[in-house]
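Working notes for the structure below.
Bear in mind that the values in this text are calculations on the coordinates, not laboratory data. Everything numeric in this text was worked out from a predicted model, so none of it was measured. Cβ coordinates were reconstructed from backbone atoms using ideal geometry, including for glycine residues, and neighbour counts include every protein chain displayed.
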Amino acid sequence: MSGATSIEWTDATWNPIRGCSRVSEGCRNCYAESVAHRFSGPGLAYAGLTALGRWNGRIEFVEEHLLDPLRWKTPRRIFVNSMSDLFHENVTDEMRDRIFAVMALCARHTFQILTKRPERMLAYLGEPGRRSDVMLAAGDLAFEIEAHVKYPRSMFPKNAEVVYDLGADRDECGCRVSSNWPLLNVWLGVSVENQKAADERIPLLLKTPAAVRFISAEPLLRHVSLEELLSVSGIGRYLNALSNAGVDPGAEIATRLDWVICGGESGPGARPMHPAWACSLRDQCVAAGVPFFFKQWGEWRDHRWDDPDNKPHVRLTRDGKDGQILGSARDNDVWMARLGKKSAGDLLDGVQWHQFPEVAHGKA
């Protein structure tokens with residue numbers, strides 16, 4: 001399943017990997033898991049990848065979709081593995097090398113990668129010689145593709161010409177697709193549903209080599225403070241977190257995030273998002289000059305109690321743990337109505353926030 005998508009912050013999805021498993025509270029109502037289960041019967045795309053309605057941890061490399069981005073001539077933002085996690089423990093480095101090789105060959109596109117496993121992302125991209133492995137994989141792909149009529153040489157961007165000049169011994173110098181590493185057209189992000197996830201995942205993201213680093217706070221299940229990460233001078237708490245995670249805080253580290261996505265949960269079992277949580281993230285980003293993208297409210301939206309349509313209502317407290325509904329009224333309580341994703345919309349205080357990082361496109 002690759003191609004057009006309804007995800008608002010990207011133009012297309014690309015799924016050379018299928019399969020996953022749950023790692024945290026943000027996975028409870030995983031849309032990808034639900035889709036995979038519907039197509040898990042014999043002979044279908046996700047056969048053998050779910051059990052009892054849940055991911056079973058098996059991974060499948062989808063060779064037939066590996067080269068999809070080469071076919072797309074119009075530059076676009078591409079969400080990589082919307083139906084999996086590129087850094088799942090059962091995805092091999094050889095698989096990742098081939099996927100990064102395609103991204104190196106497609107400098108016209110921007111690739112957006114999200115993971116809940118930043119420790120594995122850091123280990124992969126921080127390994128000495130990774131660039132060489134990716135470039136060699138790019139050379140192998142180019143030679144394989146040149147032999148197939150449906151993937152002619154004209155499909156490759158100009159910066160792939162040197163791949164075809166690779167010598168018989170295939171040394172690294174002859175396989176240089178891009179002089180930039182990390183690749184400038186690859187954005188790396190982590191999913192963050194609450195403060196615990198932020199404290200554990202973002203420090204590792206900041207340590208990982210990347211052209212652009214972002215977070216997706218969707219589903220946002222509680223208030224998250226990012227002020228230390230949105231300010232160039234305020235990263236002290238996260239340096240301590242790195243040290244506690246066993247990562248050397250003295251090594252090179254990014255000093256801020258480049259982009260923040262925020263959204264509520266949709267689908268069956270969706271949990272409501274307090275407006276104060278989303279507004280706080282927006283205000284933090286505005287104060288720091290960091291692009292903010294509000295994707296959606298999800299199924300629930302703050303709403304008056306005397307709803308003429310008699311929609312289901314719940315009272316949500318600002319400090320409700322992981323979005324749980326607490327019974328007694330307090331300050332900052334709001335009534336949330338289950339309006340459905342479409343009716344709830346994507347306006348925050350009446351404004352649509354669809355900001356993106358300002359980066360050079362197609363220069364990798």
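Listed highest first by mean packing, meaning other Cβ atoms within 10 Å per residue, what order do 185-192, 283-290 come in?
Highest-to-lowest ranking by the protection proxy: 185-192, 283-290.
Placing R0 at 45 angstrom, the Cβ-Cβ distance between ASP302 and ALA51 gives a FRET efficiency of 0.75 after rounding to 0.05. Between SER225 and VAL351, the FRET efficiency from the beta-carbon distance, with R0 = 25 Å, is close to 0.65. Quick one: of LYS207/LYS341; LYS116/LYS295; LYS116/LYS207; LYS196/LYS295, which pairs are farther than 24 Å apart, Cα to Cα? The answer is LYS207/LYS341.
Using the number of other C-beta atoms within 10 angstrom as an exposure proxy, rank MET121, MET95 with the fewest first. Could the numbers behind the result be given before it?
Details: MET121 26, MET95 18.
Ascending number of Cβ neighbours within 10 Å: MET95, MET121.
Were the residues from ALA123 through LYS73 laid out at 0.36 nm apart, the gain over their Cα-Cα distance would be 14.8 nm. Mean projected area of the convex hull spanned by the Cα atoms of region 1-58, taken over all viewing directions: 4.5 nm². Rg/Rh for region 27-99 (Cα atoms only, Rh after Kirkwood) is 0.98. Between GLU358 and ASN180, what FRET efficiency comes out of the Förster formula 1/(1 + (r/R0)^6) with R0 = 22 Å and r the beta carbon distance, rounded to 0.05? Efficiency, rounded to the nearest 0.05: 0.80.
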